[in-house]
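Take a look at the structure below.
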Amino acid sequence: MMNTNEIRQSYLDFFAARGHKIVSSDSLVPQNDPTLLFTGAGMNQFKEYFLGLKKDIRRATSSQKCLRTGDLDNVGRTAYHHSFFEMLGNFSFGDYFKEEAIRWAWEYLTEVLRIPKELLRISIHRTDEEALKIWRDKIKIREDWIHPMGDDSNFWPANAPQDGPNGPCGPCSEIYYDLLEGQGAAADANDITSRRFAEIWNLVFTQFDRRDAGKLEPLANKNIDTGMGLERLACVLQRKTNNYEIDLFQPIHEAVQKALRVADRTPFVPSLNAIADHVRAVVFAVADGVVPSNEGRGYVIRKLIRRSLWHAHQIVPGKHVEEPFLYRVVPSVILAMSKPYPELRDAEKSIEVTLKGEEERFLDTLETGLRILHQRLTDLKGKSRKSIPGDIVFELYDTYGFPDELTKAIAGEEGFEIDQRGFEDLMDKQRERAKQSTQIAAAIFVSTDLEKKLAGIPVTKFLGYEKLSGEGRVLLADIQGKQGVVVLDQTPFYGESGGQTGDRGWMEGGGFKAAVVDTQKKDKVAVHYIEIEQGAVKTGDRLTLRVDEDRRLSTMRNHTATHLLHAALRNTLGKQVRQLGSMVSPEKLRFDYSYGQALTAGEMKQIEDAVNREILRNVPVIKQEKPIAEAKQEGAIAFFGDKYEETVRVITVTGFSKELCGGTHCDQTGQIGSFLILSDSSVASGTRRIEALTGEGVLEYLRELRAQMSELSQELKTTPAQLADRVRKLKDSLKKMEKAQSEGQVSRVDVKKLAAEAIVAGKYHFAAYSAKDMEIAELRKLSDAMRSEAKQTVYFLAVASSDKIHFLLGVSHDLVKSDLDLRELMRKLEPLLGTSGGGRKDLVQGGGPNDGQLQNRWQAIVEAAEEYLRLKSQDPGPKT
């Protein structure tokens with residue numbers, strides 16, 4: 001029996017032997033298609049080939065890592081739904097067509113994989129006579145095993161003839177497998193719409209150009225686009241009942257069970273499957289540079305992490321998962337997936353740091369979500385409503401990661417139902433947005449006007465590595481008024497890519513003169529955006545080109561410094577640090593990297609010193625082109641998520657840095673001049689951002705800083721050298737004044753008397769105190785005093801101003817390690833306080849608007865706390 005890695009390789013080898021170029025998987029983050037959040041199909045990376053913009057490959061095959069989130073609620077529940085999966089595909093760009101695609105698909109399944117022919121069924125589009133004849137007459141499939149289907153299931157895009165969009169489209173032919181292997185009832189032995197059959201391969205024949213009114217015109221160049229889910233194919237070949245039982249998932253299941261201390265997985269299969277799926281998706285996405293956030297791709301990854309944690313709560317009923325666990329599963333994913341994706345090993349530590357940080361953040365959010373749900377229930381009780389509106393259920397799901405089942409269960413305990421219909425309506429809208437963003441767009445083959453004009457234009461020869469001026473012949477001039485774009489056969493202008501901003505400068509010739517305001521790279525074509533100063537330009541003109549030298553040199557300094565910074569970070573913090581993004585402009589550099597905590601002052605100095613030492617060494621910056629395999633063997637660092645050609649450019653600072661990079665760089669490190677870190681900040685879980693200056697930028701910054709220090713020195717009547725000492729003395733004086741005021745306030749409260757008068761509540765004591773216009777700092781000092789003075793005591797301290805209240809709920813020192821959890825008591829008090837609180841199990845604080853609750857509900861607050869403590873003491877209190 002073949003394992004999944006062997007299946008993947010056999011597929012690629014089969015099509016490579018038939019003239020297909022094996023193309024490595026694209027990043028989950030689409031490189032050249034801003035319309036997609038994630039790569040959702042094998043054909044995404046071949047868009048330019050399908051459009052005819054690139055023609056260097058006629059046949060391709062790949063195993064593409066994909067991420068889709070349109071059916072998250074089904075992940076783990078069904079046998080085949082996934083968020084992350086691999087799609088096997090073979091593609092023809094105007095080369096072979098239906099007969100070869102069908103014949104090779106059948107040959108691979110029945111001869112290479114040895115799937116019995118009688119277990120396979122075929123669907124075709126009902127009008128596709130050509131496909132019918134190939135299957136029936138050449139492959140010799142029984143005609144009753146060939147099923148004609150409609151536009152909804154067997155046309156791509158679905159229903160395109162009626163609904164559009166305009167553009168390339170065509171019929172499909174799908175191959176199904178009999179899951180019962182011929183053993184089921186004869187009545188459904190040929191019903192491919194039943195659960196007995198699983199679709200394993202879809203062959204798309206792109207042969208039409210849809211026009212207005214649904215008119216289908218034949219394409220001059222017909223294409224083939226096929227897709228087969230690797231996990232589903234492995235499930236069939238390994239004779240499993242669902243995808244989650246295949247070999248790739250076994251180490252992941254074991255790691256999840258170990259992390260959650262689950263011995264028997266049987267009762268928890270759906271949740272364990274969902275966690276295994278989601279953690280694979282997160283590991284691959286983070287490895288490709290995605291970090292959890294509140295928008296775009298980062299939001300999707302954050303949602304997957306939070307759903308995993310909630311599934312863990314379903315597995316461990318009756319108690320919260322209080323510590324991160326997903327990050328412990330990362331090594332198992334890498335163990336399962338690193339053979340085809342070896343880059344995962346380099347990213348392992350940074351993925352773990354990112355995941356752990358995000359888990360910790362959500363566990364805090366979890367408490368907030370529970371408080372909000374309980375508050376909503378309290379509000380609804382006051383309105384005599386027994387159903388939670390769908391928008392509230394959706395808010396808890398979307399913002400706090402609460403599945404609707406959880407909200408429903410908690411609400412049920414309080415006698416409430418949820419508006420399931422309203423929630424589902426909102427979910428349907430979100431699913432539609434997700435499908436539009438994460439799956440292959442229906443208009444994927446629709447090119448922009450510029451893309452159409454660039455079709456057939458050859459690769460631009462780049463002169464800018466050696467010189468900043470030159471001549472070029474105009475291949476395209478697309479001008480609107482005084483603005484437009486110009487494409488030349490060769491140029492010294494660097495087109496924006498790899499984080500380096502595009503060049504600016506000038507072009508002129510034959511009475512024409514224009515400023516180049518930006519240069520962009522469209523695949524391998526440099527597009528110059530211009531503003532015309534005089535004359536006109538047309539195709540065939542020869543122009544003199546001149547790059548803005550000052551801007552380019554400043555950009556080069558920052559780019560080379562970025563490489564030195566990357567090396568210094570790895571040398572200082574560890575090899576787990578890796579680049580997650582960068583921006584190199586003439587003004588400054590920005591560098592995003594994987595690390596779980598802020599740099600200390602000592603680490604920042606060490607990194608700065610390391611970079612500046614390399615600058616002072618003034619060693620050559622060596623630029624070479626070599627095969628990518630050789631470069632990687634030499635230790636060159638590649639940027640995760642980027643795709644590289646067979647031949648790459650390697651930038652080396654001997655003994656310090658070696659990276660793959662197509663950008664422009666200094667010739668000597670000394671040309672950088674100097675290097676200064678402006679800031680190190682957090683941009684997401686496990687992701688830091690450094691902003692820095694080089695060269696004249698450092699000088700300008702220091703001059704500005706000197707001017708500010710001089711101004712402050714004059715204001716504080718001291719010298720710049722004594723400025724820090726002067727500020728410290730002023731701070732000390734201010735602290736002494738505040739302390740005197742605070743002690744005066746706290747001293748007015750007799751702490752010993754407050755502790756002594758605490759009410760007995762079972763085996764505990766409860767003390768409550770409220771005041772007006774006390775500062776929050778004073779309230780905290782009173783809390784510290786109560787914690788030290790009282791014994792076996794829970795205390796509630798509150799202060800009210802004209803519009804707000806603040807409170808602290810704490811325990812005496814001897815109860816800090818007890819079983820009491822004040823967060824639980826806080827949830828009992830929140831309806832009375834009309835606001836929420838949060839914190840640790842031994843200290844909770846909070847606040848909100850003052851609506852007179854301390855005055856009007858004080859006795860009820862005290863009684864609720866007493867009752868809670870008596871119950872915790874298993875003491876029902878005195879009988880009446």
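Using +1 on the beta carbon of Lys and Arg, -1 on that of Asp and Glu, and nothing else charged, what's the dipole of the range 811-853 about the Cα centre, debye to 20?
Values: 6 positive and 7 negative charges, 20 e Å.
Here the range 811-853 has a charge dipole of around 100 debye.
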Next on the checklist: To test your reading of the geometry: what angle, between 0 and 90 degrees and rounded to tens, separates the Cα axis of helix 822-833 from the longest principal axis of the chain?
Outcome noted: 80 degrees
Item to check | FRET efficiency, residue 683 to residue 140 (Cβ-Cβ, R0 56 Å, nearest 0.05) | outcome: 0.40
Item to check | Simple spin-label estimate for residue 399 and residue 383 in nanometres, 7 Å along Cα-Cβ | outcome: 1.5 nm
Checklist entry - How far is helix 404-413 tilted, in degrees, relative to the longest principal axis of the Cα atoms in the chain, given as a value from 0 to 90 rounded to the nearest 10? => result 30 degrees
Checklist entry - For residue 542 and residue 605 in one chain, what is 0.36 nm times their gap in residues minus the Cα-Cα distance, to one decimal in nm? => result 17.6 nm
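Using packing as a proxy for protection, rank 120-133, 646-659 so that the peptide with the highest average count of other Cβ atoms within 10 Å comes first.
Working: 120-133: 19.5, 646-659: 17.5.
With the highest mean Cβ count within 10 Å placed first, the list reads 120-133, 646-659.
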Next on the checklist: Explain nothing, just compute: Karplus ³J(HN,Hα) = 6.51 cos²θ - 1.76 cosθ + 1.60, θ = phi - 60°, for every residue of the range 672-685 in order, whole Hz, x for Gly and Pro.
Outcome noted: 5, x, 7, 9, 9, 7, 7, 7, 10, 9, 8, 10, 5, 4
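So, with a 1.4 angstrom probe, what is the percent of accessible area on the chain that is carbon and sulfur? Please report the intermediate quantities before stating the final value.
Values: 19490 of 40910 Å².
Percent of accessible area from carbon and sulfur atoms in the chain: 48.
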Checklist entry - Roughly what would the spin-label model give for residue 414 and residue 752, points 7 Å off Cα along C-beta, in nm? => result 4.5 nm
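What size of dipole, in debye to the nearest 20, comes out for the chain about its Cα centre when the only charges are +1 on Lys and Arg C-beta atoms and -1 on Asp and Glu C-beta atoms? Don't skip to the end; give the middle numbers.
Numbers: 122 positive and 128 negative charges, 284 e Å.
I would put it at about 1360 debye.
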Item to check | Where a label projected 7 Å from the Cα of residue 533 along Cα→Cβ would reach, residues of the range 546-575 with amide N under 20 Å | outcome: 546-553
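First check a/c for the range 481-600, with a ≥ b ≥ c the square roots of the eigenvalues of its C-alpha gyration tensor; if it is under 1.5, answer rounded, and if not, answer prolate when a/b is larger than b/c or oblate otherwise.
On the way: a/c = 3.50, a/b = 2.99, b/c = 1.17.
It comes out prolate by the Cα gyration axes.
So for each of 270-277, 490-497, 10-17 I average, over its residues, the number of other beta carbons within 10 Å; can you give me the resulting order with the highest mean first?
On the way: 270-277: 26.0, 490-497: 22.2, 10-17: 16.2.
With the highest mean Cβ count within 10 Å placed first, the list reads 270-277, 490-497, 10-17.
Can you tell me the length gained on complete extension of the stretch residue 707 to residue 828, counting 0.36 nm per residue apart and subtracting the Cα distance?
Taking residue 707 through residue 828 to full extension adds about 37.9 nm, to one decimal.
Any idea what the relative contact order of the chain is, in percent, if you count C-alpha pairs under 8 Å spaced at least 6 apart? It would help to have the intermediate numbers written out before the result.
Working: 1652 pairs, mean separation 72.4, N = 880.
Computed value for the chain: 8 percent relative contact order.
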Next on the checklist: Using 10 Å bins from zero, what percent of all Cα-Cα pairs in the chain falls into each bin?
Outcome noted: 2, 10, 16, 19, 19, 15, 11, 6, 2, 0, 0
Item to check | residue 77 accessible area, 1.4 Å probe, all protein chains in place, Å² to nearest 10 | outcome: 150 Å²
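Tell me, what is the FRET efficiency for residue 643 and residue 851 to the nearest 0.05, using R0 = 60 angstrom and their Cβ-Cβ distance as r? The partial results should precede the final answer.
Numbers: r = 59 Å, r/R0 = 0.99.
The value I calculate is 0.50.
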Item to check | Estimated FRET transfer efficiency (residue 523, residue 391; beta-carbon r; R0 45 Å; 0.05) | outcome: 0.50
Next on the checklist: To test your reading of the geometry: what angle, between 0 and 90 degrees and rounded to tens, separates the Cα axis of helix 695-715 from the longest principal axis of the chain?
Outcome noted: 20 degrees
Next on the checklist: Students often get this wrong, so check it: of 54/643; 47/222; 383/408; 453/522; 339/623, which have C-alpha atoms separated by over 21 Å?
Outcome noted: 339/623
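Under the rule of -39500 (n - 2.57) per DSSP H run of 4 or more residues, summed and divided by the residues of the chain, what mean residue ellipticity at 222 nm is obtained, to the nearest 500 deg cm²/dmol? Could you put the intermediate results ahead of the total?
Numbers: 26 runs with 337 residues, N = 880.
So the helix-based figure for the chain works out to -12000 deg cm²/dmol.
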Checklist entry - Which order do 872, 538 take by accessible area at a 1.4 Å probe, largest first? => result 538, 872
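If you stretched the chain out fully between residue 819 and residue 479, how much longer would it get, using 0.36 nm times the residue separation minus the C-alpha to C-alpha distance?
Working: separation 340, 0.36 × 340 = 122.40 nm, distance 7.49 nm.
That pair, residue 819 and residue 479, stretches by 114.9 nm at full extension.
The values are calculated or read from the model by the stated rules, or taken from the named source; none is laboratory data. None of the values given here were measured: they were computed from a predicted structure. As a convention, Cβ positions derive from the backbone with ideal geometry for all residues, glycine included, and neighbour counts pool all protein chains shown. Quick note on the areas: whole protein, heavy atoms, side chains included, nothing else; ligands and nucleic acids left out. Shrake-Rupley method; radii C 1.70, N 1.55, O 1.52, S 1.80 Å.
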